[in-house]
């Protein structure tokens, strides 16, 4: 287990399509632009978490490389340097329709440890960008001992998104009894649902948590993604870049520094 | 088939295939019992193996079904342990809870499970172990993982002494070997192996030792962990049958003990005896072709090289893979002895039995089975063998093999192998 390395480890969960990867990538970019050594590990079989940190390029996944290279797998085959020195990794997953995605995440994590990824890159902060709900042991892996210390949940005011957030919060609470990751709070990624702020705030309160940041819906995000970049990289002077900068401040504050 | 490489194919497993397995290996932990958590069919191999070893009272099974797999089964384990303990005549000091490869999909939080078990059953050490052949080829295959768990039970805290631990091998080094006097001559203490302890308390002596001697690769990770955790340094001294490697090993041991080679115990008489034993066996075996098999040696390519250097006629080396510790010798064989056939024992075409060598002498039971050898030497997994005495023993076994035709069935039974 990866222990003893002084680093902040943060998992970002949320329903599929809610904007986890966009949020996480912009967080990574904002912190990397400040000179921090950031590592982002995408834990989603569709493997596009880090795309906007890599100039729009999808990087080979740990599982694909493992299948291809077997025991000859090297760290360089799975970890790639993106915007402002961010170290990007995609766990990957099985062929759609078969296999076990949760096992894929476990395998990818084990491989990163075996290859000494954390010792080699010495990140100041690691983001785990994790798909959807905590549906099985594999998707709960980032919450467990030795991995993330804090979990943030990205949600909108849409019911399915809030439902997923409640499930994730429940899993974090269960694991929290074992001294694992704690729920840092909800990140509200606005979809302009009616009464959205109140809905998300109420959901946060029901989870015994809080809304740490509100990200407004803004065309800048799409404009940046069309260029294969984060807002922080493509439009550094935009108001949205400022939003992500403040989100980074909040996340660091909650994570203790 | 002279493949000269190891292909990733459908595997053939002969009745003589395999070693001790994780169940038998784990049973070396004194005063320990094992609880297997798996679907019932996964328990067959270990159960038969342990019945043959007459240790079945130390083994229990918690069979899991489909609903347990879907929901996770970690909450079923503590009550199962409770029931197991109630059925035992004495309270064990250690419970090894084995999960199968199924658990790699379920992702049970084993650290949390161990904490729960320790809290519920104070005084008993629990270790969650994996019986997962899918980890073969990884950095921590089952044979390595079980040794990590076994030696993680050494707790330290006793006064350090001059004892030396022997790790990696699954049987004690023969007490008649020169290593023991050599260690004494360097001012070191006894050579300790887990198999000689019957009480958990006495086993803790190994935590006081000043050195871990790793003689088989399966113990290297455990030695590294002991170095970090208890501060016991490690020295790698692989079993070898080549005189120059044996001497190099002893020289490194003397260096570690800060003793000049000239002041270390003189091993020349042992070397001479080993050489004489090799000459005698060579004369008796003559031109009978040898099959050198990985069931006999951790490093079959190294053993084959040694036998060729002693003048034997090695016809075949048989192995399922070439481990990193043996790669140098495989390269040597390819360059200097290209006539030696390299047979991948688990290759799917082996099942045709096309390459039988009925007039051969096999060193290793699996080699004897596949080649249909007339003779078979009783050497299994380097057990008991080390240094010059190991060479002498190997040569004696080669000679003894000629005394009677091979009885492969009997050997399989005596080694406790299970198909």
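Each value in this text was obtained by applying a stated rule to the coordinates, not by laboratory testing. Here the structure is a predicted model, which means the values were calculated and not measured. Here the Cβ positions follow ideal geometry from the backbone for every residue, glycine too, while neighbour counts run over all protein chains shown.
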Checklist entry - How far is helix B:268-285 tilted off the main Cα axis of chain B, in degrees rounded to 10, range 0 to 90? => result 70
Item to check | Among B:167, B:88, B:186: highest mean-square fluctuation, GNM of chain B, C-alpha pairs under 10 Å | outcome: B:88
Checklist entry - D for chain B, whole µm²/s, Stokes-Einstein with Kirkwood Rh over alpha-carbon pairs at 37 °C and 0.692 mPa s: what number? => result 145
Checklist entry - Angle between the Cα long axis of helix B:77-87 and the longest principal axis of chain B, 0 to 90 degrees, nearest 10? => result 80
Next on the checklist: Explain nothing, just the number: relative contact order of chain B, from Cα pairs under 8 Å at least 6 residues apart, as a whole percent.
Outcome noted: 19
Checklist entry - Roughly what % of DSSP beta bridges within the protein assembly as shown run antiparallel, to the nearest 5? => result 5
Checklist entry - With a 10 Å Cβ neighbour count serving as the proxy for reagent exposure, in which order, fewest first, do B:323, B:69 appear? => result B:69, B:323
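Could you compute the FRET efficiency for residue A:170 and residue A:198, with r as their C-beta to C-beta distance and R0 at 22 Å, rounded to 0.05?
0.50
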Item to check | Difference of contour (0.36 nm per residue) and Cα-Cα distance, residue B:352 to residue B:195 | outcome: 52.6 nm
Next on the checklist: Can you classify the stretch B:154-215 as rounded, prolate or oblate using the Cα gyration tensor, where a ≥ b ≥ c are the square roots of its eigenvalues, rounded means a/c under 1.5, and otherwise it's prolate if a/b beats b/c and oblate if not?
Outcome noted: oblate
Next on the checklist: At a threshold of 8 angstrom on Cα-Cα distance, excluding pairs fewer than six apart, so keeping six or more, what relative contact order does the stretch A:32-134 reach in percent?
Outcome noted: 40
Checklist entry - Rounded, prolate or oblate: which fits the stretch B:30-151 when a ≥ b ≥ c are the square roots of the eigenvalues of the alpha-carbon gyration tensor, with rounded for a/c under 1.5 and prolate only if a/b beats b/c? => result rounded
Checklist entry - Considering every residue in B:101-107, what mean count of other chain Cβ atoms within 10 Å of its Cβ is obtained? => result 5
Checklist entry - How do B:6, B:312, B:40, A:152 line up, fewest other C-beta atoms within 10 Å first? => result B:40, B:6, B:312, A:152
Checklist entry - Among bridges DSSP assigns within chain B, what percent are antiparallel (round to 5)? => result 0
Item to check | Extended-chain gain in nm, criterion 0.36 nm per residue less alpha-carbon gap, residue B:332 and residue B:40 | outcome: 100.6 nm
Item to check | In degrees, nearest ten, helix B:387-401 long axis to first principal axis of chain B (Cα) | outcome: 80
Checklist entry - Looking only at other chains, what is the average number of their beta-carbon atoms within 10 angstrom of each beta-carbon in A:102-115? => result 2
Checklist outcome for this item: Per GNM of chain B with C-alpha springs under 10 angstrom, the most fluctuating residue out of B:375, B:388, B:61 is B:61
Next on the checklist: Running a GNM on chain A with Cα contacts under 10 Å, which residue among A:225, A:76, A:113 ends up with the highest mean-square fluctuation?
Outcome noted: A:76
Item to check | Shielding by other protein chains, A:135-144, mean Cβ within 10 Å | outcome: 3
Checklist entry - Relative contact order for the stretch A:8-254 using alpha-carbon pairs under 8 Å, separation at least 6, rounded to a whole percent? => result 25
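Rounded, prolate or oblate: which fits the stretch B:217-264 when a ≥ b ≥ c are the square roots of the eigenvalues of the alpha-carbon gyration tensor, with rounded for a/c under 1.5 and prolate only if a/b beats b/c?
Taking the square roots of the gyration eigenvalues as a ≥ b ≥ c, the stretch B:217-264 is oblate.
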Checklist outcome for this item: Cβ density ranking, 10 Å radius, fewest first, applied to A:253, A:194 yields A:194, A:253
